[in-house]
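Colleague: So that we are looking at the same thing, I have put the structure below in structure tokens.
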Amino acid sequence: MSGAALGIEIVVVFFLALFLLHRYADFRKQQRMVLFGTLLAWYLCFLIVFILPLDISTTIYKQCKIDHEEHASVSLVTALISNQTAGNSTTATPTKSVPKVCYKPWSYIPDGIMPVFWRVVYWTSQCLTWLLLPFMQSYARSGGFSITGKIKTALIENAIYYGTYLLIFGSLLIYVAVHPQWHLSWYELQTIGITAANTWGLFLLVLLLGYGLVEIPRSYWNASRQGHLLIKTYFKAAKLMTEKADAEENLEDVMEEVRKVQESIKYNHPLRKYIDTILRKCPVEYQEKMGRNMDDYEDFDDKQNTYPSEKNLVKLHKQVIYAVQRHNRTHVQWQILLQQAMHLEDVAKNETSSAHQFVHSFPSTEPTSWLSPYLYTPTVGGSHRSSQFTAGSTLQLRVHSHLQTKHEAG
């Protein structure tokens with residue numbers, strides 16, 4: 001099994017990351033570069049978690065062998081000293097020591113593999129964290145129409161992000177430069193870079209752990225309280241519905257600006273190719289509506305219209321991307337929250353039901369696996385607990401959300 005466990009886990013973790021990416025992403029709609037970057041990032045994160053136990057078991061075995069050799073050498077030296085101090089005595093009792101037995105683990109990894117492995121994982125993760133992924137995010141949100149324009153916008157947006165890292169790196173570099181006993185070399189620069197990255201990572205980790213150590217156990221505790229969870233879901237639905245309405249209004253406003261620009265710039269205008277790029281980012285229903293109102297034969301030189309500049313079109317393109325993403329995000333969140341609220345209402349209503357059969361008010365839209373009917377059967381048993389929620393809970397959710405929206409609009 002020399003190195004076989006490492007190879008098996010590397011292959012298994014790759015297919016695990018690929019399966020999760022296929023589960024939560026649409027390969028047909030995403031660009032290959034985005035899929036590759038996401039797959040590589042998930043793959044490296046899972047590798048650290050799965051390979052670390054193998055490294056620990058191998059290290060424990062190697063440390064046990066080192067301790068065994070040291071124990072044997074110390075026992076030998078002690079025996080020699082005892083024999084010398086005994087002199088010409090007739091009896092000499094040899095020193096007896098039971099060495100610790102070292103068991104070679106099945107996941108043993110030969111020497112020289114793990115240092116190279118961790119270097120590849122670490123520096124690849126560093127490049128993804130500080131260079132590739134932030135640049136790809138800004139590149140995708142950029143409103144530029146050319147590759148050069150998108151790269152320029154991405155670099156400008158990441159200036160603050162890179163500036164924080166460079167500030168920490170520069171402070172450590174100055175500290176090392178003024179220190180009389182240290183000399184700058186490639187190894188010292190590499191150490192400073194690792195220290196700066198770890199400082200930034202630990203700072204974020206402290207912030208996230210400070211929230212997660214409290215919120216995650218509390219969320220699991222409240223998940224067992226169905227009544228409290230349902231009331232909290234009502235509150236989330238009212239808040240999300242307001243955000244969803246704002247996203248729809250923002251999308252309509254942006255689409256209205258696109259329509260005005262699209263009507264002013266005809267097909268024979270030099271900026272028309274930018275308009276076509278913006279229209280492809282719009283939802284399908286808006287594209288069809290704008291296409292019906294377009295006059296193909298009207299010349300843009302016949303009217304003294306004021307045309308937007310390329311800079312304004314870049315800004316409008318970015319607004320369209322943001323508005324569409326926000327609209328899609330709130331729409332998906334709303335659908336998920338509605339399904340969760342309906343499920344909790346079904347739980348509350350079935351608790352007071354006389355039949356030991358879980359009845360759904362609406363069929364679930366999520367695909368069920370072949371294992372679900374065996375693990376989650378609709379038959380429930382036990383005593384019938386009383387509940388303060390009635391069959392009108394679904395109506396209560398809708399009315400509550402409507403009143404909240406009406407209150408925000410007023």
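The values are calculated or read from the model by the stated rules, or taken from the named source; none is laboratory data. Because the structure is a prediction, the values reported are computed rather than measured. Note: ideal-geometry Cβ built from the backbone for every residue, glycine included; neighbour counts use all protein chains shown. Please note that ligands, DNA and RNA were not included when accessible areas were found on the heavy atoms of the full protein model with its side chains. Shrake-Rupley method; radii C 1.70, N 1.55, O 1.52, S 1.80 Å.
Colleague: Largest first, how would Thr233, Thr153 line up by accessible area (1.4 Å probe)?
Modeller: Ranked from most to least accessible, the order is Thr153, Thr233.
Colleague: Label Ser185 and Glu215 with points 7 Å out from Cα along Cα→Cβ: what is the distance between them in nm?
Modeller: Distance between label points: 4.6 nm.
Colleague: For Thr330, tell me the accessible area in Å² from a 1.4 Å probe, rounded to the nearest 10.
Modeller: Ignoring ligands and nucleic acids, Thr330 comes out at about 0 Å².
Colleague: Per-residue accessible area for Glu256 at 1.4 Å probe radius, Å² rounded to 10?
Modeller: Taking all protein chains as shown, Glu256 has close to 70 Å².
Colleague: Using a basic spin-label model with each label point 7 Å from the Cα along Cα→Cβ, how many nm lie between Lys289 and Arg225?
Modeller: 4.4
Colleague: Compute the distance in nm between two label points, each set 7 Å from the Cα along the Cα-to-Cβ direction, one at Ile156 and one at Tyr307.
Modeller: Calculated label separation equals 2.3 nm.
Colleague: Here is a follow-up. Applying 1/(1 + (r/R0)^6) with R0 = 35 Å to the Cβ-Cβ distance of Thr199 and Val116, what FRET efficiency is obtained, to the nearest 0.05?
Modeller: 0.85
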